[in-house]
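Peer 1: Got a structure here, written out as structure tokens. Questions coming.
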Amino acid sequence: MTFLKYLDLKSVPCPLNVVKIKLALDKLSKNEQLIVELDKGEPEEMVLKNLKEMGCLYEQIKEHEKFLKIKILNEN
């Protein structure tokens, strides 16, 4: 069974949003998923870049005019 955790990072500046995601991922159990909402622009670019560097699997599940929602799978 997959459990979902939620993190609302809208209006959270870089690099604080990246740090908060890393801390949340460290607390996840194997096969838990983290849903994150974050602002478009620099926060989106920084977070997605860091997730790729960390080797995390993620997918965009919703996009709004000013923010997007992604799902990150913790495989560790």
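Peer 1: Are any residues in segment 24-48 more than 14 Å from LEU73 (Cα to Cα), more than 10 Å from the chain's Cα centre (by Cα) and of a type in the set (A, V, I, L, M), and if so, which ones?
Peer 2: The answer is MET46, and nothing else.
Peer 1: Kindly provide the set of residues from segment 35-76 that are in contact with a Cys (Cβ under 9 Å, 6 or more places away or on another chain) and either under 18 Å from SER11 (Cβ atoms) or outside any loop (DSSP other than H, G, I, E, B) (or both), ordered by number.
Peer 2: GLU42, PRO43, GLU45, MET46, VAL47, ASN50, ILE72, LEU73
We did not get these values from a lab; they are worked out from the coordinates using the rules stated. Just so it is clear, the model here is predicted, and its values are computed rather than measured. Quick reminder, even Gly has a Cβ in these numbers, built from the backbone with ideal geometry, and neighbours come from all protein chains shown.
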